[in-house]
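Peer 1: Have a look at the structure that comes next, please.
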Amino acid sequence: MDTRRSKENYYLDMADAAQERSTCLRRRFGAIIVRDDEIVSTGYNGAPRGRRNCTDIGACTREQMKVPAGERYELFRSVHAEAYAILSAALRDMLGATLYLVGRDARTGDYYPATTPCAMCRRLIINAGIQKVVCRTGTDTYTVTAVQDWVDHDDTLDP
């Protein structure tokens, strides 16, 4: 009997390690893109290269302005983990790949049980040709989403 950790949790553990590099004071996310059991790229949320991170500044602009989660992304200092991973990979390596995503509360370290890419990152994932997204919901639990579902159910058309 094979008692090894499942491949999904193995790759989610790697995405969890990537989130430890996050520089966000509120939410820490890590992403890893895998194709044919080979790591294509990794990413974590943080300020664009050359800009100061929230951890360096010691404050969160979004919190100071009381911007609700999921709104006003133009005020967000960081590049999302999924976007970072996509930017670090070649298109040919992402076609048919799987993106693994882990999110934690920066203050408590708790997993976000409803982790899912935001609407902007979903569009990037669709364009990158990624086939499915696996999101950690707990220590050993996760959800799997076929990216085609996001294509078929276009949330930008909902009223």
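The values are calculated or read from the model by the stated rules, or taken from the named source; none is laboratory data. Remember, predicted model here, so these are calculated numbers, not experimental data. Neighbour counts run over all protein chains shown; Cβ positions are idealised from the backbone, glycine included. All accessible areas refer to the heavy atoms of the entire protein, side chains included, with ligands and DNA or RNA removed. Shrake-Rupley method; radii C 1.70, N 1.55, O 1.52, S 1.80 Å.
Peer 1: Need one number: nm distance between label points at Asp36 and Glu74, each 7 Å from Cα along Cα→Cβ, rounded to one decimal.
Peer 2: Going from the Asp36 label point to the Glu74 one covers 4.2 nm.
Peer 1: Assuming a viscosity of 1.306 mPa s and a temperature of 10 °C, what translational diffusion coefficient in µm² per second does Stokes-Einstein assign to the range 5-69, Rh being the Kirkwood radius over Cα pairs?
Peer 2: Answer, rounded: 120 µm²/s.
Peer 1: Still on this structure, please answer the following. Taking only Cα atoms and a 10 Å spring cutoff, compute GNM fluctuations for the chain and point out the largest among Ala81, Ala69, Ala90.
Peer 2: Checking each option, the largest mean-square fluctuation is seen for Ala69.
Peer 1: In whole angstrom, note down how far apart the Cα centers of the range 1-29 and the range 55-87 are.
Peer 2: Cα centroid to Cα centroid, the span is 21 Å.
Peer 1: Among rounded, prolate and oblate, which fits the range 1-41 when a ≥ b ≥ c are the square roots of the eigenvalues of its C-alpha gyration tensor, a/c under 1.5 means rounded, and a/b larger than b/c means prolate? Walk me through the numbers on the way to the answer.
Peer 2: On the way: a/c = 4.18, a/b = 1.80, b/c = 2.33.
Since a/c reaches 1.5 but b/c is at least a/b, the shape of the range 1-41 is classed as oblate.
Peer 1: Shifting gears a bit: Write down the Kirkwood hydrodynamic radius of the range 65-128, to one decimal in angstroms, obtained as one divided by the mean of 1/r over all alpha carbon pairs.
Peer 2: Numbers: mean 1/r = 0.0746 Å⁻¹.
Taking every pair of different Cα atoms in the range 65-128, averaging 1/r and inverting gives 13.4 Å.
Peer 1: Considering every pair of different Cα atoms, what Kirkwood radius, in Å, is found for the chain?
Peer 2: Evaluated over the chain, this radius sits at 16.0 Å.
Peer 1: Which loop GluC sites (Glu not before Pro) in the range 1-63, with loop taken from DSSP, have no more than 11 other Cβ atoms within 10 angstrom of their Cβ?
Peer 2: Glu20
Peer 1: At 0.36 nm per residue, minus the direct Cα-Cα distance, what do Asp110 and Asp140 gain on full extension? Give it in nm, one decimal, please. Could you put the intermediate results ahead of the total?
Peer 2: On the way: separation 30, 0.36 × 30 = 10.80 nm, distance 1.31 nm.
Separation in residues times 0.36 nm, less the Cα-Cα distance, equals 9.5 nm.
Peer 1: Same structure again: Three principal axis extents, largest first, for the C-alpha atoms of the range 34-106, in Å?
Peer 2: Computed over the Cα atoms, the extents are 43, 25, 21 Å.
Peer 1: Return the carbon/sulfur percentage of the accessible area of the chain, one whole number, probe 1.4 Å, all protein chains in place.
Peer 2: 49
Peer 1: Please give the helix 7-19 orientation as an angle from the longest Cα principal axis of the chain, in degrees from 0 to 90, rounded to the nearest 10.
Peer 2: 20
Peer 1: Taking the range 5-50, which trypsin sites (Lys or Arg not before Pro) meet the DSSP loop condition and have no more than 14 other C-beta atoms within 10 Å?
Peer 2: Here the trypsin sites (Lys or Arg not before Pro) that fit, given the DSSP loop and packing criteria, are Arg5, Arg49.
Peer 1: Report the full-extension gain for the segment Arg21 to Ile57: residue separation times 0.36 nm, less the Cα-Cα distance, to one decimal in nm. The partial results should precede the final answer.
Peer 2: Values: separation 36, 0.36 × 36 = 12.96 nm, distance 1.60 nm.
Going from the current span to full extension adds 11.4 nm.
Peer 1: On to the next question. Give me the 1.4 Å probe accessible area per residue for the range 34-159, excluding ligands and nucleic acids, in Å².
Peer 2: Numbers: 7420 Å² over 126 residues.
So the range 34-159 comes to 59 Å² accessible per residue, rounded to a whole number.
Peer 1: Run the numbers on the range 76-159 and let me know its relative contact order in percent, using alpha-carbon pairs under 8 Å that are six or more apart.
Peer 2: 29
Peer 1: Which ³J(HN,Hα) values, rounded to whole Hz and listed in residue order, are derived for the range 51-63 from phi using the Karplus coefficients 6.51, -1.76 and 1.60 in 6.51 cos²θ - 1.76 cosθ + 1.60 with θ = phi - 60°, glycine and proline given as x?
Peer 2: Couplings: 8, 6, 7, 4, 5, 6, 6, x, 8, 10, 4, 4, 5 Hz.
Peer 1: To the nearest 10 degrees, how steeply does helix 119-128 sit against the main Cα axis of the chain, on a 0 to 90 scale?
Peer 2: Its long axis makes an angle of about 40 degrees.
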